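Below is one structure, written out as structure tokens; the observations come after it.
The values are calculated or read from the model by the stated rules, or taken from the named source; none is laboratory data. Being a predicted model, the structure only gives us computed values, none of them experimental. Cβ placement follows ideal geometry from the backbone for every residue including glycine, while neighbour counts extend to all protein chains displayed. Each accessible area value is taken on the protein alone, full model and side chains, heavy atoms only, with ligands, DNA and RNA left out. Shrake-Rupley method; radii C 1.70, N 1.55, O 1.52, S 1.80 Å.
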Amino acid sequence: MTDDLEHLRRSRPDRLLPDDPPDPEVLAREKARLMAAIAEPGDTARGSAARGSAARGSAGERGTGERGGAVHRRTPSIYPRLAYRDEVAALEFLTRAFGLVERRESRMEHPDGMLAWLELGDGVVMIGRAGEERHGLHSPLDAGASTAMVNAYVHDIDEHYRRAEAEGARIVTPLEDMFWGDRRYEALDLEGHRWHFAERMPGTRPRPPSR
Amino acid sequence: MEGSDGAVIAESLETPGAFGVIFDRHGSTLLRFLARRVDPAEAEDLLGEVFRIAFERRSAFERDRDSARPWLYGIAANLVAKHYRSEARRLRAMARASALRASAARLLDEDPAERAVAVADAGALWPRVVDAIGALPEAERQVLLLFAWEELSYEEIAQALGVPVGTVRSRLSRGRARLAELTHDAPLASYHASYHAGGGR
């Protein structure tokens, strides 16, 4: 089959480097860990979860001791829920343009609306459909204004800005260096929720505490 | 070791240990997938994560489904997306390795001609493909690589990512168009023009 994906197919890493088979020892070890985690959901699972997510932030851990609870997932103690007329389009946009990552396994789909949880670093944003019967939350499209702003730190603000703009985010404050050491910009998503993206630039110090 | 994945997972709700069968059936496939996408050491860690997440979420699995594979792919793809730095490192390492192999094949002339050509070709192309893969939006990269590298069907990708088949098709065609432009060094202007004309979806 020759088509435009042929190059991509042939570029698959293990076709370039075929000496890269799955290691049976790795499989055996990971299975043993899995079975231990299944047998003792209390300790073992959390131990390995901590190992697996050591790089993540220090958000408070929820679900300790919950049976089948969030062993590997940390949900921050505080996180916002945003409402959209079209929450499915919002999910697609936020992942594509702003680089948020969905906790796919958390998604809840109902005929009258979907709930999704999106992560950026150690932060979480929940999105759902707008409506009076849905906690009285409204889309800025209906409210005629945004009444909150989500603030997020990212790793490469210039690249983040470039992508957001290229993917159709409405930039409302251009990229700029702030006196407190952040480089930041602000953008609106599809329905007008306001997002503030920033990166802490190296070499800046926090201001000395005021007396 | 009998019964569909759906039946095994249903059984594991009563008898958790039964879930090990799911690992036996799909662990190797998922490890290969992860090793293609992130650092080798990270792939091993993520393999465990995939199955621990799957175990915790097993009550959400639709038990009339024969195969858990698309679902596991979806969990794994999500984890890969959270390790984009590792993914970028993996791509760079592959670019270097393939360029080395390509020049070695030319120098030593050991390979059968056809293979040498293929290796050299891939070596020349790979850095551009790497850049293009890295430049794709997350959603398009996932769909494109699940399709081209993992050889999943549209339906399986839709199951994995929890999106309608139509969305898989549109992401795939957007990703293909973008990949073609990026690997051929063409300007992106026409893509963006058509994208915005299409109403942003």
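Things worth noting here:
- Computed across segment A:78-211, the Kirkwood hydrodynamic radius from all distinct Cα-Cα pairs reaches 15.8 Å.
- For segment A:130-141, 3J(HN,Hα) per residue [Karplus equation, 6.51 cos²θ - 1.76 cosθ + 1.60, θ = phi - 60°, Hz, x = Gly/Pro]: 7, x, 4, 7, 10, 6, x, 8, 10, 6, x, 4
- Here the Karplus curve 6.51 cos²θ - 1.76 cosθ + 1.60, taken at θ = phi - 60°, turns the phi angles of segment B:53-69 into couplings of 4, 4, 4, 5, 9, 5, 5, 7, 6, 6, 6, 7, 7, 6, 10, 8, 4 Hz, with x standing for Gly and Pro.
- Close amide H pairs (under 5 Å, H built 1.01 Å from N) link residue A:100 with A:95, residues at least 5 positions away or on another chain.
- A cut-off under 11 angstrom between Cβ atoms defines the neighbours of residue B:138, and their net charge, with Lys, Arg +1 and Asp, Glu -1, is 0.
- Long-range amide H partners of residue B:136 with built H, under 5 Å: none
- Amide hydrogen neighbours beyond the local backbone of residue B:68, cut-off 5 Å, H modeled: B:5
- Accessible-area rank, largest first, for A:193, A:135, A:7: A:135, A:7, A:193, with all protein chains present and a 1.4 angstrom probe.
- Prolate is the label for segment B:16-74. Its Cα gyration tensor axes, ordered a ≥ b ≥ c, give a/c of at least 1.5 and a/b above b/c.
- Lys/Arg +1, Asp/Glu -1 at C-beta; segment B:1-63 dipole; positive extreme among B:51, B:12, B:61: B:61
- Measuring with a 1.4 angstrom probe and ignoring ligands and nucleic acids, residue A:172 comes out at about 60 Å² accessible.
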